[in-house]
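One structure below.
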Amino acid sequence: MPITIKEISALETYGVRHPVLRAGRPLEDCAMEGDELETTFHLGAYDDHLHVGVATFLKSSAAESPIDPTSNLSFYQLRGMGVIPDHQGKGIGKQLVERGIDMLKKNKVDALWFNARIAAVPFYERLGFSTIGSTFEVEHVGTHYKMYRVL
Ligand SMILES: CC(C)(COP(=O)(O)OP(=O)(O)OC[C@H]1O[C@@H](n2cnc3c(N)ncnc32)[C@H](O)[C@@H]1OP(=O)(O)O)[C@@H](O)C(=O)NCCC(=O)NCCS
């Protein structure tokens, strides 16, 4: 069965965000700042009717980005990226990021950045993203790198 990627609501992301990114924590912890903004979009990956992956793209300012706070580039931030365990390693994460990048390019967004869990860094590197700066700790989640790609 081919994987379908489509736009979904913020609430619909929780079905994957919770088990993959917020396991053992209250459902409310799935909420992310900016989830409901008009400039935000959420992508869901479906294997038939089963929701298997999610990614959220949020408009960001140059000042928030790790690249060059003074640049004139337009930025988005990727958050809440996850694929359920038994569907990982099948190209679904890659399809979600690539679909998001296609949409960003159509909207003339110049660059995408995010905080990457250290275990996911090789996944993002395969998609052309680079780490920038040193590692840092996120409470409850662990060690991260900032990563970016000019689109
Ligand atoms: C990280 C994650 C989103 C990747 O999604 P996925 O569907 O498993 O990844 P894909 O199958 O699309 O992988 C794409 C490519 O990256 C590679 N890859 C994926 N995860 C990798 C890893 N941990 N280490 C090395 N390579 C990896 C794949 O081999 C594949 O390479 P290829 O294109 O040469 O075949 C998923 O594993 C996940 O949800 N992990 C747990 C939550 C998490 O860490 N989210 C990221 C938070 S920043």
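The values are calculated or read from the model by the stated rules, or taken from the named source; none is laboratory data. Everything quoted here is computed from the prediction, not taken from an experiment. Don't worry about glycine lacking a Cβ; one is built from the backbone with ideal geometry, like all the others, and counts go over all protein chains shown.
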Exercise. Identify all residues within region 66-92 that are in contact with a strand residue (DSSP E or B) (Cβ under 8 Å, 6 or more places away or on another chain) and either over 26 Å from residue 18 (Cα atoms) or among the aliphatic types (A, V, I, L, M) (or both); write none if there are none.
Key: 66, 67, 73, 74, 75, 78, 81, 83, 84, 92
Self-check item: Check on residue 151, within 12 Å of the ligand (Cβ to nearest atom) and touching a residue at least 24 places away in the same chain (Cβ under 8 Å)
Solution: no
Exercise. Search region 111-140 for residues that are under 25 Å from residue 89 (Cα atoms) and pair each with any residue that is acidic (Asp, Glu) and not in a strand (DSSP E or B) when their beta-carbon atoms are under 9 Å apart and the residues are at least 6 apart or on different chains.
Key: 113/64; 127/98; 131/125; 140/29
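Identify, from the list 133, 93, 89, 53, the residue that is in contact with a Phe, Trp or Tyr (Cβ under 9 Å, 6 or more places away or on another chain) and at positive phi.
Numbers: 93 fails: at positive phi; 89 fails: in contact with a Phe, Trp or Tyr (Cβ under 9 Å, 6 or more places away or on another chain); 53 fails: at positive phi.
After ruling out the rest, the residue left standing is 133.
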Quiz item: If a residue has to be surrounded by fewer than 13 Cβ atoms within 10 Å (Cβ to Cβ), under 23 Å from residue 91 (Cβ atoms) and among the charged types (D, E, K, R) to count, how many in region 27-59 make the cut?
Solution: 1
Quiz prompt | Matching strands (runs of 3 or more DSSP E) fully within region 35-144 where at least 2 residues are under 18 Å from residue 14 (Cα atoms) and within 16 Å of the ligand (Cβ to nearest atom) | solution = 41-47, 50-60, 75-83
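Checking the structure you have, find out if any residue of region 93-102 is within 17 Å of residue 20 (Cα to Cα), exposed (fewer than 13 other Cβ atoms within 10 Å of the Cβ) and at pLDDT 95 or above. Give the steps one after another, and end with the answer.
The initial filter retains those residues of region 93-102 that are within 17 Å of residue 20 (Cα to Cα), namely 93-94, 96-97.
Okay, now just the ones that are also exposed (fewer than 13 other Cβ atoms within 10 Å of the Cβ), so none.
No: zero hits.
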Quiz item: Of all residues in region 3-34, which are in a loop (DSSP other than H, G, I, E, B) and either under 19 Å from residue 58 (Cβ atoms) or touching a Leu at 6+ places or on another chain (Cβ under 6 Å) (or both)?
Solution: 9, 22, 31, 32, 33, 34
Self-check item: Residue among 35, 68 that alone is among the acidic types (Asp, Glu) and modelled with pLDDT under 95
Solution: 68
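Taking region 16-26 as the search range and keeping residues that are more than 21 Å from residue 95 (Cβ to Cβ) and out of contact with any helix residue (DSSP H, G or I) (no Cβ under 6 Å at 6 or more places or on another chain), which one is surrounded by the most Cβ atoms within 10 Å (Cβ to Cβ)?
From region 16-26, those more than 21 Å from residue 95 (Cβ to Cβ) are 18, 22-26; that's our starting set.
Right, trim to out of contact with any helix residue (DSSP H, G or I) (no Cβ under 6 Å at 6 or more places or on another chain) and you get 23-26.
On the way: 23: 8, 24: 8, 25: 11, 26: 8.
Checking each candidate, the answer is 25.
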